[in-house]
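Note sheet for the following structure.
The values are calculated or read from the model by the stated rules, or taken from the named source; none is laboratory data. Note that the structure is predicted; figures quoted are calculated from it, not measured. Reconstructed Cβ throughout: ideal geometry from the backbone, glycine too, with neighbour counts over all protein chains shown. Each accessible area value is taken on the protein alone, full model and side chains, heavy atoms only, with ligands, DNA and RNA left out. Shrake-Rupley method; radii C 1.70, N 1.55, O 1.52, S 1.80 Å.
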Amino acid sequence: MRICNKQRGAALICILALFLTGCAKTGKLDEGDCACVVRLESIPQEFKMLGDNEKSLLGIEVVLENITTERRYTFALNEENGFAQDASLNPGTYKVYYCSASPHFLHMKMKAREDQLNVSKGGSNELTVYIENMEEFTDTVWNAQPTREIMQQDKFSRKVQWNGQIIDMQDITDYIDFTLDRQVRGYEQVSLSGSGIMITVQNQTSESVDWTECELIKVQAGASDVIFPQGARVGMSVKEIVHAQDGIYGTPDSMTGFLLIGTGMDKTGMVYYDESSGDKITLECTTDAEYICDIIYEFAVYE
């Protein structure tokens with residue numbers, strides 16, 4: 001019954017997508033006789049600073065739509081093709097329908113230099129895209145470089161590197177701004193987000209209090225510039241962290257979610273426990289196991 005429900009849900013999503021976007025026609029990059037190219041304007045040096053897994057995930061997608069035929073053409077720019085893709089299109093005017101970069105945790109916002117590309121046999125037929133928020137992207141990459149101090153920390157040291165500095169996770173509210181526009185009810189847990197980090201606090205009393213009076217019980221990172229002990233961070237491959245011999249944390253103590261990693265089923269979590277402190281670390285990967293997407297540190301929960 002569960003599988004049938006999922007199938008019905010997937011069908012409904014497809015129908016909704018068609019309703020919202022229409023039945024777009026897909027064009028081929030080799031269907032015409034006018035040579036053209038879509039390229040990244042300049043390749044930043046920060047690309048070289050990314051980890052091997054991040055480099056394999058890095059991609060820019062540009063979709064052009066012929067304004068007459070309404071056919072759409074998808075260009076995929078990546079390290080393999082030097083962030084430039086050639087095509088042979090029919091003459092015409094093509095508007096920039098979509099322009100984006102992945103993975104999302106790198107915070108790259110892409111933009112085309114022109115809103116459209118006029119393709120002709122005698123034209124240059126070149127469209128360039130660039131990183132619109134270059135400063136933010138640069139900061140993200142530089143802050144994702146682990147320092148020697150964080151590399152030497154034990155995974156249960158309760159330390160984390162953020163903005164290039166080492167901080168105690170229990171003091172994280174002294175560094176990052178979190179807000180909540182209401183009181184926390186008695187014994188209630190609430191989660192607050194800021195700067196790629198989500199914290200969970202719990203009111204330990206029966207009375208409603210301000211969230212700043214609650215106890216911090218969990219820190220969760222979904223950004224690559226938040227670095228945990230020994231260099232663990234979002235964007236790394238599963239093997240880099242949890243492999244028995246090659247992983248920096250080694251074999252996990254238990255698993256959550258769907259136990260067969262990379263099947264496209266539920267999100268899988270790999271869990272580590274510290275018996276002395278009661279702390280718990282959970283590493284969650286994407287459903288296709290391409291990378292670690294969340295790192296969760298919980299205080300004194302293991303018994």
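Scanning segment 271-303 for residues that are assigned to a strand (DSSP E or B) and over 18 Å from S224 (Cα atoms) yields a count of 5. Summed over segment 55-75, the residues that are surrounded by 15 or more Cβ atoms within 10 Å (Cβ to Cβ) and either closer than 23 Å to Y291 by Cα or of a type outside the set (S, T, Y) (or both) give a count of 14. Taking G92 as the residue in question, decide whether it is surrounded by 14 or more Cβ atoms within 10 Å (Cβ to Cβ), of a type in the set (G, A, S) and on the phi > 0 side of the Ramachandran plot. Answer is yes for this residue.
Per the listing Y98, Y73, Y94, the residue uniquely of a type in the set (F, W, Y) and in contact with a Gly (Cβ under 7 Å, 6 or more places away or on another chain) is Y73. Restricting segment 284-293 to residues that are acidic (D, E) and surrounded by fewer than 18 Cβ atoms within 10 Å (Cβ to Cβ), the residue that is farthest from the chain's Cα centre (by Cα) is D288.
Residue-level check: of (1) farther than 21 Å from E298 by Cβ; (2) in contact with a Lys or Arg (Cβ under 7 Å, 6 or more places away or on another chain), P229 misses just (1).
Just to verify a result, which residue in segment 27-62, among those that are β-branched (V, I, T) and over 28 Å from V234 (Cα atoms), is nearest to the chain's Cα centre (by Cα)? It comes out as V38.
Scanning segment 37-87 for residues that are at positive phi and of a type in the set (V, I, T) gives no hits.
State whether one or more residues within segment 231-241 are more than 14 Å from Y291 (Cα to Cα) and open to solvent by less than 60 Å² (accessible area, probe 1.4 Å). Looking for residues that are more than 14 Å from Y291 (Cα to Cα) and open to solvent by less than 60 Å² (accessible area, probe 1.4 Å), one finds at least one in segment 231-241, hence yes. Taking the criterion of being part of a helix (DSSP H, G or I), at pLDDT 95 or above and open to solvent by less than 80 Å² (accessible area, probe 1.4 Å), the only residue of segment 103-135 that qualifies is M134.
Residue-by-condition table, conditions (1) touching a Pro at 6+ places or on another chain (Cβ under 7 Å); (2) closer than 25 Å to Q170 by Cβ:
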site: S120; (1), (2): yes, no
site: N125; (1), (2): no, no
site: E132; (1), (2): no, no
site: Q145; (1), (2): no, yes
site: Q152; (1), (2): no, yes
site: K155; (1), (2): yes, yes
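Number of residues in segment 210-229 that are outside any loop (DSSP other than H, G, I, E, B) and open to solvent by less than 20 Å² (accessible area, probe 1.4 Å): the value is 5. Candidates are the residues of segment 153-176 that are open to solvent by 40 Å² or more (accessible area, probe 1.4 Å) and hydroxyl-bearing (S, T, Y); the one that is nearest to Q220 (Cα to Cα) is T173.
Scan segment 154-200 for residues that are closer than 18 Å to D225 by Cα, part of a loop (DSSP other than H, G, I, E, B) and of a type in the set (K, R) and report the count. Residues that pass the stated criteria total 2. Any chance you could count how many residues in segment 158-187 are closer than 15 Å to T200 by Cα and of a type in the set (S, T, N, Q)? Total meeting the criteria: 4.
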